[in-house]
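These notes are about the structure you will find just below.
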């Protein structure tokens, strides 16, 4: 798969298929976004459980071949993972946010979802995550459902969002 670049602050960020050598960089992005976004929202018990058994390495090992990554030079600064019409993960390192990386990654996923014949894209975020909610709303996503976020066992609420494509 050929790479494309995301415009923003120079240098340009390249989007390309995940390569096994990206594993540590993707795990670092997942860890950075966890600590900056979710960790402050979790109960101490949930945080301790997550720190004892971090899911990032297993997730990347099992599903990394399905990712598109954003790289700035040699550094992985973001990733997106989708399957069917569902975007499972979109993460951009805090240092690379607000440079168009998330926009470019989500655009790549939406184009692939549409090319696969799906009329809409779906994803989840949490109610507390006002930054992601604003990002997705600006991209045309609307909230269609909410339910308890059982993954973190911290009383959080998950939102299901959907965008009509094409």
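The values are calculated or read from the model by the stated rules, or taken from the named source; none is laboratory data. In this text, all values refer to a predicted model and were calculated from it rather than measured experimentally. Backbone-built Cβ (ideal geometry, glycine too); neighbour counts: all protein chains shown.
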Next item on the list: Out of 100, 117, report the one residue that is crowded, with 16+ Cβ neighbours inside 10 Å and farther than 17 Å from residue 38 by Cβ.
Entry: 100
Note to self: Looking at segment 7-18, I want the residues that are at negative phi and at pLDDT 80 or above and have a partner that is part of a loop (DSSP other than H, G, I, E, B) and buried (at least 17 other Cβ atoms within 10 Å of the Cβ) with Cβ atoms under 8 Å, at least 6 apart or on another chain. Which pairs are those?
What the structure shows: 13/99; 13/100; 17/67; 18/67
Margin query: Residues that are at pLDDT 95 or above and part of a strand (DSSP E or B): does segment 46-59 have at least one?
Written below: no
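Criterion first (touching a strand residue (DSSP E or B) at 6+ places or on another chain (Cβ under 7 Å) and modelled with pLDDT under 95) does residue 97 satisfy it? First the steps, then the outcome.
Working: touching a strand residue (DSSP E or B) at 6+ places or on another chain (Cβ under 7 Å): no; modelled with pLDDT under 95: yes.
Answer is no for this residue.
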Check: Of everything in segment 147-166 that's over 19 Å from the mean Cα position of the chain (by Cα) and under 29 Å from residue 44 (Cβ atoms), which residue is surrounded by the most Cβ atoms within 10 Å (Cβ to Cβ)?
Finding: 154
Note to self: Give me the strands (runs of 3 or more DSSP E) completely within segment 61-166, filtered to those with at least 2 residues that are free of Cβ contacts under 8 Å to residues at least 40 places away in the same chain, ordered by residue number.
What the structure shows: 75-83, 86-92, 120-126, 142-148, 157-164
Next item on the list: Taking only segment 33-49 into account, find how many residues are crowded, with 17+ Cβ neighbours inside 10 Å, touching a residue at least 12 places away in the same chain (Cβ under 8 Å) and more than 12 Å from residue 156 (Cα to Cα).
Entry: 3
